[in-house]
Structure formats: structure tokens, C-alpha cells
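Undergrad: One structure is given below, represented as C-alpha cells, and several questions about it will come after.
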Amino acid sequence: MDFTIRENIYCCSCTGRIILLDTQADRYFMLPEEVGSAFLRLWNCEPAEERDQLDLGRLRSTGVVVTDCTAPRGGRRPSTIVPASSELISLEPMRRHRVDAARAAVYQLKAWLGIRTRPMVEVLADLLGPTPSQLPDRSEAADARLTRIATAFRATAGIFRQRDQCLPRSIAFTRMCKASGVRATLVIGVTLDPFSAHAWVQSSGLVLNDTLERVRCFTPIFAA
């Protein structure tokens with residue numbers, strides 16, 4: 001029997017354990033150790049071992065894998081994310097612009113409402129276009145625009161609650177970047193013991209709306 005991983009499933013290996021994000025069901029979960037190897041071989045398109053059919057059959061009952069091998073696999077793999085190496089906050093800040101701050105506030109409000117009124121899979125799917133190749137590479141002009149956007153978002157800190165709002169803020173930041181014609185990638189990462197998830201935005205290895213020290217604590221599981 002041939003298996004494939006269902007669409008909207010994302011995977012990462014965190015401290016030796018395999019964590020999955022199911023954006024369709026809006027949940028994270030950890031694979032049992034005994035089926036993890038079979039799943040990773042399927043995920044990486046590696047040759048199956050003799051026991052894999054049995055292990056993947058167990059996963060089929062959870063909906064993680066399916067036997068319809070024509071089913072598409074969506075999203076960008078976390079392994080394609082450029083590791084974070086610097087942070088925009090360390091760049092020289094620009095003068096605040098009220099229009100930019102107002103735009104940032106509107107983007108955040110829309111993102112906050114979208115998360116509460118739409119399925120997560122739809123919210124995240126919207127970020128998959130345009131693809132990064134359609135946007136310009138990093139440049140001095142692009143970095144200036146990114147700094148201006150980051151400054152606008154910092155100006156709204158007193159308007160929106162900051163705690164536990166990393167996802168709507170990062171969705172809004174990504175949308176504003178792309179609308180301004182600069183490259184940006186929403187990244188969701190996880191950590192264990194205890195389990196925690198966090199979202200931030202990168203442009204190549206440059207962290208745009210967080211600190212390098214913080215995001216390095218998380219293993220990327222999703223990027224858009």
C-alpha cells in the first residue's frame with residue numbers, strides 16, 4: 001500500500017522528537033517514537049523499510065497520512081528557511097510616520113479578526129502568494145522599507161495587547177511587507193519542555209519583528 005502525507009501537515013524534529021503542525025485542524029502534536037522514523041522517511045521521500053507499512057498504517061487512522069498518493073502536499077518545508085543570523089531591531093531606527101503606524105494598526109486589526117473568524121488553514125494559505133522569488137532580494141532600499149515598517153509596528157505597541165499575540169502581529173507584518181514590495185517570510189517555530197509555539201517574520205536570515213536571541217530558542221515548523 002502506498003502512503004503520502006496529507007496536505008496541511010508540517011513537521012520538524014525538536015530535541016529528537018517529531019512535532020507536527022496540522023493547520024487544517026489548528027493543532028500541534030508529537031508523534032509516538034515508534035512511528036517517527038517511518039514518517040520521516042516518507043516526509044523526506046526516502047526508501048521505505050520493511051516495517052514502515054505497518055507504522056504508516058497506524059498513522060493513517062489519525063489522518064496524518066493517506067493512501068491517496070495524488071493528494072498534494074502544501075506549504076514550504078521548514079528546512080528551506082534561512083537560519084536567523086541578525087535582527088532588524090539592531091539597525092538605526094527611522095523617524096516615525098503616522099500614516100505608516102495607522103497602516104500597521106489596520107493590518108494588525110485585520111489579522112486579529114481573521115484568526116478569530118476564519119479557519120487557520122485559510123489564513124496561512126493567503127500568505128503563500130506571491131512567492132519569495134517574485135519579490136526583490138535584500139538591498140539597501142528594501143532594508144530601509146523594512147526598517148520603516150518595523151518602526152510603524154513598534155509605534156502601535158500601546159494600542160494592541162502584546163502578550164500571546166505573536167501570530168496576528170507576524171501575519172500583519174508579513175502582509176504589510178509584501179504589500180510594500182519587500183521579501184518577508186512568516187515563520188512559526190516550536191520548543192519543548194514545556195511545549196511552546198512562537199511566530200516571527202524573517203527576510204532571508206534577518207529577523208524583522210523580534211530578537212535573534214528569542215527566535216533561536218524555537219525550531220521552525222512552518223514558513224509562508
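Undergrad: What's the local net charge at TRP112, with K and R +1, D and E -1, over the other residues with C-beta under 10 Å away?
TA: Details: positive: LYS110, ARG116, ARG161, ARG169; negative: none.
In short, +4.
Undergrad: Another question about this same structure. Would you mind checking which residues have amide H under 5 Å from ILE18's amide H? H placed 1.01 Å from N; only 5 or more apart, or other chain.
TA: HN-HN under 5 Å from ILE18: LEU31.
Undergrad: With θ taken as phi - 60° and the coefficients 6.51, -1.76 and 1.60, list the Karplus ³J(HN,Hα) couplings across segment 188-203 in order, rounded to whole Hz; mark glycine and proline as x.
TA: Working through the residues one at a time gives 10, x, 10, 9, 10, 6, x, 5, 8, 10, 8, 10, 8, 10, 10, 10 Hz.
Undergrad: So, for segment 1-60, what is the accessible surface per residue at a probe of 1.4 Å, expressed in square angstrom? Walk me through the numbers before you get to the answer.
TA: Working: 3310 Å² over 60 residues.
With all protein chains present, segment 1-60 gives 55 Å² per residue.
Undergrad: If I take all pairs of Cα atoms in segment 1-63, what percentage of them are more than 19 Å from each other?
TA: Details: 484 of 1953 pairs.
Distances greater than 19 Å cover 25 percent of the Cα pairs.
The values are calculated or read from the model by the stated rules, or taken from the named source; none is laboratory data. The structure displayed is predicted, hence computed values, not measured ones. In this analysis, Cβ positions are derived from the backbone assuming ideal geometry, glycine residues included, and neighbour counts consider all displayed protein chains. Heads up: the accessible areas ignore ligands, DNA and RNA and are worked out on the full protein's heavy atoms, side chains in. Shrake-Rupley method; radii C 1.70, N 1.55, O 1.52, S 1.80 Å.
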